[in-house]
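These notes are about the structure you will find just below.
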Amino acid sequence: MHTDNAMTVNKEQRGARRINPAKPILVKNYVSGDPIGSIVNLSETGMMLTTRDDFRDHQVFQTRFWLDHNTEIMVGIENLWLDRQASGMVIAGFFIIDISAEDLAKLKAFIDRHP
């Protein structure tokens, strides 16, 4: 579900370069360690995940994921929208609301390395 605020943020952030990772990147809840979903596309401002879980509008998570074998990233994300598929799959868009300068540099470098 899109809200007016989410649509405004989404339009403002769509300018960020997005990549589709070649290998699945599993995003985990930092607090519980439970998987949240897999990254479908990624930018320095947000990500789209696939999952079987359901999220509330504007639900916030502290997450961690590995960009490659040596590069762990921790980010705070907020759910902006989701689309429930007939198959039971959920596609959800998240905005990055918290990331350290060091992790942002790692994320930018990872994105820059991908066509």
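The values are calculated or read from the model by the stated rules, or taken from the named source; none is laboratory data. Just so it is clear, the model here is predicted, and its values are computed rather than measured. Backbone-built Cβ (ideal geometry, glycine too); neighbour counts: all protein chains shown.
Values for this structure:
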| quantity | calculated |
| --- | --- |
| Checklist (1) farther than 18 Å from Asn20 by Cβ; (2) touching a residue at least 24 places away in the same chain (Cβ under 8 Å); (3) outside any loop (DSSP other than H, G, I, E, B); (4) out of contact with any strand residue (DSSP E or B) (no Cβ under 9 Å at 6 or more places or on another chain) applied to Glu102, failing item | (2) |
| Test set (1) at pLDDT 95 or above; (2) assigned to a strand (DSSP E or B) - Lys108 fails condition number | (2) |
| The range 18-75 - residue that is under 20 Å from Asp103 (Cβ atoms), among the acidic types (Asp, Glu) and at pLDDT 95 or above and, of those, surrounded by the fewest Cβ atoms within 10 Å (Cβ to Cβ) | Glu72 |
| Residues satisfying the stated conditions in the range 70-95, i.e. over 18 Å from Arg56 (Cβ atoms) and in a strand (DSSP E or B) | Thr71, Glu72, Ile73, Met74, Val75 |
| Check on Glu44, under 11 Å from the mean Cα position of the chain (by Cα) and part of a loop (DSSP other than H, G, I, E, B) | yes |
| Looking only at the range 76-99, and only at residues there that are free of Cβ contacts under 8 Å to residues at least 24 places away in the same chain and charged (D, E, K, R), the one that is surrounded by the most Cβ atoms within 10 Å (Cβ to Cβ) | Glu78 |
